[in-house]
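Enquirer: Here it is, the structure, as structure tokens.
The values are calculated or read from the model by the stated rules, or taken from the named source; none is laboratory data. The model shown is predicted, which means the values in this text are computed figures rather than measured ones. All Cβ positions, glycine included, derive from the backbone under ideal geometry; neighbour counts span all protein chains shown.
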Amino acid sequence: MSEHIIIIKNLIKQYGKGSNGKEIIKGLNMQLARGDIFGLVGRNGAGKTTLLKCITGIVLPNSGSIELFGESNPKKLHISRAKIGGIIERPPIDEELSAWDNLKLYAIRMGLSNERIREVLETVDLTRHGDAALKKERVKTFSLGMKQRLGIAIALLGKPELMILDEPLNGLDPEGIMWFRKMVLDLNKQGVSFIISSHLLRELDEVATCYGIMSGGQIIGNVTADKLHKSGETFEDYYKRIVGIN
């Protein structure tokens with residue numbers, strides 16, 4: 001039986017109080033096994049980003065439980081969250097600094113060497129732009145795709161066991177999308193698990209081992225890639241069936 005690195009039960013997140021409050025996550029349940037690549041999809045406003053923020057600790061749920069890497073005590077979850085790297089909404093970068101200096105700031109906090117910075121730059125294929133571009137040019141001159149790669153490099157610095165990526169394909173050209181696919185599969189072979197939120201269903205179909213469909217603050221559909229392949233149904237067709245698109 002696979003080890004579950006995430007177990008979420010009856011999660012509720014509401015913004016605002018009383019009658020003016022809005023419930024974004026509504027009694028959500030979810031599990032993620034070690035080694036999975038979990039594709040998270042749903043319409044805008046379904047609650048995907050809020051769910052990812054609850055998992056990473058950016059926001060706190062109103063009720064329910066989150067267990068990460070076997071730890072469910074809310075006061076100790078920060079220890080488990082140190083095993084998570086990710087990008088939620090936008091890359092955590094300072095556009096007035098160079099790519100190298102952005103990474104250096106995080107590396108210093110983590111006690112990591114320049115060698116580790118070079119390793120992650122190679123992983124995200126930014127080294128091809130040369131040292132001058134990476135150390136001297138401000139990130140604000142980068143393309144959106146290069147900024148996405150830099151954000152992923154920052155997320156990889158601490159050698160996370162779980163990567164959480166919210167719309168990571170935004171700004172990537174076809175070559176960049178192919179690179180992203182290969183990077184995810186290569187890291188997964190090294191033992192890294194993933195949660196990837198994306199609107200690009202066919203791209204998720206290339207990498208995901210399982211899927212969750214969100215609607216109205218709940219996961220209304222769960223399926224593995226193996227089950228879909230055996231049934232002959234594409235994930236896109238499964239999604240349409242679950243959300244009721246003709």
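Enquirer: If the requirement is being surrounded by 13 or more Cβ atoms within 10 Å (Cβ to Cβ), at positive phi and touching a Leu at 6+ places or on another chain (Cβ under 9 Å), which of these qualifies: 42, 47?
Expert: 47
Enquirer: While we're on this one: Filter the stretch 4-25 down to the residues that are of a type in the set (Lys, Arg) and surrounded by fewer than 16 Cβ atoms within 10 Å (Cβ to Cβ), then identify the one that is nearest to residue 203 (Cα to Cα).
Expert: Going through the qualifying residues, I end up with 9.
Enquirer: Residues to consider are 112, 103; find the one that is within 20 Å of the chain's Cα centre (by Cα) and either hydrophobic (A, V, I, L, M, F, W, C) or loosely packed, with under 14 Cβ neighbours inside 10 Å (or both).
Expert: 103
Enquirer: Sort out for me the strands (runs of 3 or more DSSP E) sitting completely within the stretch 145-223 that have 3 or more residues that are under 13 Å from the mean Cα position of the chain (by Cα) and touching a residue at least 60 places away in the same chain (Cβ under 8 Å).
Expert: Of the strands (runs of 3 or more DSSP E) lying wholly inside the stretch 145-223, those with at least 3 residues that are under 13 Å from the mean Cα position of the chain (by Cα) and touching a residue at least 60 places away in the same chain (Cβ under 8 Å) span 162-166, 193-197.
Enquirer: Test of understanding: among 181, 202, which residue is out of contact with any His (no Cβ under 6 Å at 6 or more places or on another chain), basic (Lys, Arg) and more than 30 Å from residue 112 (Cα to Cα)?
Expert: 202
Enquirer: Can I ask one more? Would you call residue 68 more than 24 Å from residue 186 (Cα to Cα), in contact with a strand residue (DSSP E or B) (Cβ under 8 Å, 6 or more places away or on another chain) and not small (Gly, Ala, Ser)?
Expert: Considered against the rule, which asks whether it is more than 24 Å from residue 186 (Cα to Cα), in contact with a strand residue (DSSP E or B) (Cβ under 8 Å, 6 or more places away or on another chain) and not small (Gly, Ala, Ser), residue 68 comes out as no.
Enquirer: Among the residues of the stretch 4-47, write down those that are in contact (Cβ under 8 Å) with a residue 40 or more places away in the chain and part of a loop (DSSP other than H, G, I, E, B).
Expert: Matches in the stretch 4-47: 34, 35, 36, 43, 46, 47.
Enquirer: Taking the stretch 48-97 as the region of interest, how many residues are under 25 Å from residue 213 (Cα atoms) and not in a loop (DSSP other than H, G, I, E, B)?
Expert: 20
Enquirer: Does any residue in the stretch 224-235 that is under 14 Å from residue 38 (Cα atoms) come within less than 8 Å, Cβ to Cβ, of a residue that is small (Gly, Ala, Ser) and part of a helix (DSSP H, G or I) six or more places away or on a different chain, and which pairs are these?
Expert: Correct list of pairs: 235/225.
Enquirer: Of all residues being in a helix (DSSP H, G or I) and polar (S, T, N, Q) in the stretch 103-144, which is farthest from residue 85 (Cα to Cα)? Just the residue, please.
Expert: Across the stretch 103-144, the extreme among qualifying residues is 141.
Enquirer: Ok, one more. It is to be established whether one or more residues within the stretch 183-191 are farther than 24 Å from residue 160 by Cβ and either at pLDDT below 95 or exposed (fewer than 14 other Cβ atoms within 10 Å of the Cβ) (or both).
Expert: No, the stretch 183-191 contains no residue that is farther than 24 Å from residue 160 by Cβ and either at pLDDT below 95 or exposed (fewer than 14 other Cβ atoms within 10 Å of the Cβ) (or both).
Enquirer: Further question: Could you tell me which of the residues 66, 55, 37, 84 is within 18 Å of residue 223 (Cα to Cα), surrounded by 14 or more Cβ atoms within 10 Å (Cβ to Cβ), at pLDDT 95 or above and out of contact with any Lys or Arg (no Cβ under 7 Å at 6 or more places or on another chain)?
Expert: So the residue among 66, 55, 37, 84 that is within 18 Å of residue 223 (Cα to Cα), surrounded by 14 or more Cβ atoms within 10 Å (Cβ to Cβ), at pLDDT 95 or above and out of contact with any Lys or Arg (no Cβ under 7 Å at 6 or more places or on another chain) is 37.
Enquirer: Check whether at least one residue in the stretch 63-78 is within 30 Å of residue 235 (Cβ to Cβ) and of a type in the set (Val, Ile, Thr), and report yes or no.
Expert: Looking for residues that are within 30 Å of residue 235 (Cβ to Cβ) and of a type in the set (Val, Ile, Thr), one finds at least one in the stretch 63-78, hence yes.
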